[in-house]
Amino acid sequence: NMNMTRTPDVHFIAEARTEGTKFVVLSPDFSQIAKYCDEWIPLQAGQDTALWMAANHVILKEYYIDRQVPYFIDCVKRYTDLPFLV
């Protein structure tokens, strides 16, 4: 719940919503934050890990393996430890 746990950051969410950003919550229960989001995807326990592994697979395959996107490669080199993973 952003309003209760991340109070200093709520204005970023409000600004993003004002500019048209859509928010999706992945949660097994319809929580307090889910009522503020545009879409609620009810996951069963343990499904969130599989979902993010699949999302990361697609991102790495499409932006790193299949075609070398300079922006993605620069971001990976600067802000992650991906170059050190083997």
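If I filter the stretch 47-70 down to residues being closer than 28 Å to Val10 by Cα and of a type outside the set (Asp, Glu), which single residue comes out as farthest from the chain's Cα centre (by Cα)?
Gln47
Based on what the data block shows, is Leu26 assigned by TED's automatic domain parsing to the domain that holds Thr80 and within 25 Å of Thr80 (Cβ to Cβ)? Reasoning before the result, please.
Values: assigned by TED's automatic domain parsing to the domain that holds Thr80: no; within 25 Å of Thr80 (Cβ to Cβ): yes.
So Leu26 fails the test.
The values are calculated or read from the model by the stated rules, or taken from the named source; none is laboratory data. Treat the numbers as computed from the prediction; the structure is a model and nothing was measured. No Cβ is skipped: glycine too gets one built from the backbone with ideal geometry, and neighbour counts run over all protein chains shown.
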